[in-house]
Amino acid sequence: MKIATFNVNSIRQRLPTVLGWVSAHKPDVMCLQETKVPDQDFPVEAIQQAGYHVAFRGMKGYNGVATLTLRPPEKIIYGLHEGPDNEDFRIIQTVVDGIPIVNSYVPQGYSIESEKYIYKLAWFRRLRAYFETALDPKEPAIWVGDLNVAPEPIDVYHPEKRVNDPDFHIDARKAFQETAAWGFVDVYRQLHPDTVQYTYWDYFRSSFQRNFGWRIDHIMVTAPMAKRCRAAEVDVEPRGKAGASDHTPVWAEFD
């Protein structure tokens, strides 16, 4: 199984990038975040013509998640629980080949002094509770997405200057670590323990050209999947193209 995650920062603007990427790389599953489109305007037909099934929830202008799968998913859960859930534009679970795949867009937090940051920390606690009730750490499971946390100093440029950023503040990092401690392994860091590699560069100050980035997009898996992971990489090429998302795809492959 090959799985990828990509914050597209608008599926309508980045649709050619997504279609080109899946055509070239042929992932079994591709998880998108920040689709920024209401459901009635989601480009279903174009994705189906590319050979993928798609499950999605979104809204106009911000948020939104979508999961593309080569094979029909055996089960889909929108939100943090089955049934109506207003978090369905941030998290979606699809089961493919018996493996639950959780695609999530964690709140960014805005500022560590804001209510949005408190909401972010609470969201991680809710996510941990979701894992405890919906998944089994002894069984294969995958959690991917824009998780809006750079876990370690190696994962952000000039970390000494980022300590009050909502994506690197110690409380956000602890919340992420406590959630992952349920039973998830970061496969990129497992295979590349000392590599400085980012997944996001903002649009200002020539950040991409100067490599002022963050590693905040992650592929996390349970131990049975971690043992099977044979590759995990960040594809930087899409970020360097004209009209790019400020994020770039991350992918992993499993035996």
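Exactly one residue out of Tyr188, Tyr200 is modelled with pLDDT of 95 or more, among the hydroxyl-bearing types (Ser, Thr, Tyr), within 15 Å of the chain's Cα centre (by Cα) and within 19 Å of Tyr110 (Cα to Cα), and it is Tyr200. I'm checking my understanding of the structure. Among residues of region 46-77 that are farther than 16 Å from Cys31 by Cβ and among the polar types (S, T, N, Q), which one is least open to solvent (accessible area, probe 1.4 Å)? The residue in question is Gln48.
With the structure loaded, tell me whether Val106 is under 17 Å from the mean Cα position of the chain (by Cα) and farther than 30 Å from Gln177 by Cα or whether it fails that test. Criteria not met by Val106. Figure legend. Inter-residue proximity from region 92-112: first residues free of Cβ contacts under 8 Å to residues at least 60 places away in the same chain, second residues open to solvent by 40 Å² or more (accessible area, probe 1.4 Å) and of a type in the set (Asp, Glu), beta-carbon distance below 6 Å, spacing 6+ or different chains. Indicated pairs: Val95/Glu74. The numbered conditions (1) surrounded by fewer than 18 Cβ atoms within 10 Å (Cβ to Cβ); (2) more than 19 Å from the chain's Cα centre (by Cα); (3) under 23 Å from Lys241 (Cβ atoms); (4) not small (Gly, Ala, Ser) are all true for Pro43 except (1). Going through (1) surrounded by fewer than 23 Cβ atoms within 10 Å (Cβ to Cβ); (2) touching a Pro at 6+ places or on another chain (Cβ under 7 Å) one by one, Asn211 falls short only on (2). Taking (1) part of a helix (DSSP H, G or I); (2) touching a residue at least 12 places away in the same chain (Cβ under 8 Å); (3) open to solvent by 70 Å² or more (accessible area, probe 1.4 Å) in turn, Pro238 satisfies each apart from (3). Of all residues in region 183-204, those that are more than 17 Å from Asp235 (Cα to Cα) have Cβ atoms under 6 Å from Cβ atoms of residues that are surrounded by 13 or more Cβ atoms within 10 Å (Cβ to Cβ) and of a type in the set (D, E, K, R), 6 or more apart or on another chain, in Tyr203/Asp246.
When we screen Phe212, Phe208, Phe168 for residues that are part of a loop (DSSP other than H, G, I, E, B), more than 19 Å from the chain's Cα centre (by Cα) and either within 28 Å of Ile112 (Cα to Cα) or among the basic types (Lys, Arg) (or both), the only hit is Phe212.
Between Asp167, Asp85, Asp155, the distinction of being surrounded by 14 or more Cβ atoms within 10 Å (Cβ to Cβ) and at pLDDT below 95 belongs to Asp85 only. Would you call Arg14 surrounded by 15 or more Cβ atoms within 10 Å (Cβ to Cβ), closer than 23 Å to Val221 by Cβ, in contact (Cβ under 8 Å) with a residue 12 or more places away in the chain and basic (Lys, Arg)? The answer is no for Arg14. Scan region 140-152 for residues that are farther than 22 Å from Leu68 by Cα and either surrounded by 16 or more Cβ atoms within 10 Å (Cβ to Cβ) or touching a residue at least 60 places away in the same chain (Cβ under 8 Å) (or both) and the total you get is 3. Quick check: anything in region 190-207 among the aromatic types (Phe, Trp, Tyr), in contact with a strand residue (DSSP E or B) (Cβ under 7 Å, 6 or more places away or on another chain), open to solvent by less than 50 Å² (accessible area, probe 1.4 Å) and farther than 23 Å from Val22 by Cβ? Looking for residues that are among the aromatic types (Phe, Trp, Tyr), in contact with a strand residue (DSSP E or B) (Cβ under 7 Å, 6 or more places away or on another chain), open to solvent by less than 50 Å² (accessible area, probe 1.4 Å) and farther than 23 Å from Val22 by Cβ, one finds none in region 190-207, hence no.
The values are calculated or read from the model by the stated rules, or taken from the named source; none is laboratory data. Note that the structure is a prediction, hence the values are computed from the model and not measured. As a convention, Cβ positions derive from the backbone with ideal geometry for all residues, glycine included, and neighbour counts pool all protein chains shown. These area figures cover heavy atoms from the full protein model, side chains too; ligands, DNA and RNA do not enter into them. Shrake-Rupley method; radii C 1.70, N 1.55, O 1.52, S 1.80 Å.
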